[in-house]
Structure formats: structure tokens, C-alpha cells
């Protein structure tokens with residue numbers, strides 16, 4: 001994992017630090033795995049109507065936009 005050593009660190013500290021680094025890397029790997037599963041989900045249910053919103057930023061304040069337009073490719 002990491003070869004960084006701190007001056008005068010104890011063996012107990014190094015062992016605990018290595019264990020923590022291992023756990024942190026496993027967590028990062030799990031988050032990446034879950035994110036990939038989320039991206040692979042099939043499309044969800046359809047809305048009852050195409051809701052209309054108003055922009056509140058990007059110089060478009062007050063401009064109306066349909067929900068379906070927010071996620072166009």
C-alpha cells in the first residue's frame with residue numbers, strides 16, 4: 001500500500017495504519033463496484049406527466065424547461 005513512514009512511529013501504529021489503509025482501499029473498490037451496478041440499472045418507471053421547471057441559474061433564470069429536456073443526450 002504505502003511505504004511512507006513517520007519518524008519514531010511504533011510497530012503498533014504501523015500495523016494499525018496498514019490495516020486502515022487496507023480497509024480504505026476496500027471501501028474505494030466497493031464504492032466503484034456499486035457505482036458501476038447503478039450505471040447498469042435498467043430504466044425506471046415513467047412519469048405521469050412531463051413536469052415543467054424554471055431555470056434558476058446559468059443566465060436562464062425564469063426560462064421554462066421540461067423534465068425530459070433536462071436529461072437529453
Checklist entry - Which one of the conditions (1) at pLDDT below 90; (2) assigned to a loop (DSSP other than H, G, I, E, B) does residue 68 fail to meet, given that it meets all the rest? => result (2)
Checklist entry - Exactly one of (1) over 18 Å from the mean Cα position of the chain (by Cα); (2) loosely packed, with under 10 Cβ neighbours inside 10 Å; (3) at negative phi is unmet by residue 67. Its number? => result (2)
Next on the checklist: Let me spell it out: the conditions are (1) loosely packed, with under 10 Cβ neighbours inside 10 Å; (2) outside any helix (DSSP H, G or I), and residue 38 meets all of them except one. Which number is the exception?
Outcome noted: (2)
Checklist entry - Among the residues of the stretch 4-22, which ones are exposed (fewer than 10 other Cβ atoms within 10 Å of the Cβ) and assigned to a helix (DSSP H, G or I)? => result 11, 12
Checklist outcome for this item: Checked the stretch 49-62 for anything modelled with pLDDT of 90 or more, in a loop (DSSP other than H, G, I, E, B) and surrounded by 10 or more Cβ atoms within 10 Å (Cβ to Cβ); matches are 50, 51
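The values are calculated or read from the model by the stated rules, or taken from the named source; none is laboratory data. Here the structure is a predicted model, which is why all the values come from computation and not from measurement. In this analysis, Cβ positions are derived from the backbone assuming ideal geometry, glycine residues included, and neighbour counts consider all displayed protein chains.
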